[in-house]
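What follows is a short report on a single structure.
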Amino acid sequence: LEDDLELGFVYFASENGEKDKEFLNSGSVPEGEKMLEATAEANNLVAVAKAKFLYTSHMDKLCASRYVAPLKKKTLFTIHKDLKQNSLEHFDNLHKMGTKKLQETYRKKLEDELDKASTEIIYSYSK
């Protein structure tokens, strides 16, 4: 799992690198405070991506297993609640930059994304 999380970070860093190239080619230098805000936002986005990956990878492994019969919606919903809580705790425990309000904004974004993912997964895998 840690290797996969690192792959997610590499992808994000690569994507962010393209933005860095655009910035360097623009010839303008933003104010330090703007750079700090952008870095804090990027840092929180990475935390959201890692926590969401933790959730979706576990749900997919559980639901797509050839050895498990299709699960009932009620069972999947219970699993979703547990995995969502674990993912939110993972997000909370990751080191993040920015204000508490910024971190709460991204935590709420994560909750919304997990709920949306659960709807899709439960629809796809339930009987």
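Details
- Taking all protein chains into account, the per residue accessible area for segment 58-127 stands at 71 Å² (1.4 Å probe).
- Sequence-distant residues sharing a close amide H with LEU71 (under 5 Å, placed H): LYS127
- Point-to-point label distance, GLN85-TYR123, nm (Cα→Cβ direction, 7 Å offset): 2.7 nm
- Efficiency of FRET between LYS108 and LYS74 - r from beta-carbon atoms, R0 25 angstrom, step 0.05: 0.45
- Binned Cα-Cα distances of segment 33-97, short to long, each 5 Å bin given as a whole percent: 4, 17, 20, 18, 13, 10, 8, 5, 3, 2, 0
- Listed cross-link partners LYS52/LYS100; LYS34/LYS108; LYS73/LYS109; LYS34/LYS109; LYS72/LYS101 are compared with a 29 Å cut-off, the Cα-Cα value being larger for LYS72/LYS101.
The values are calculated or read from the model by the stated rules, or taken from the named source; none is laboratory data. On a predicted model such as this, the values are computed, not experimentally measured, just so you know. Using ideal geometry, Cβ is built from the backbone for each residue, glycine included, and neighbour counts are taken over all protein chains shown. Keep in mind that these areas ignore ligands, DNA and RNA; they rest on the heavy atoms of the full protein, side chains included. Shrake-Rupley method; radii C 1.70, N 1.55, O 1.52, S 1.80 Å.
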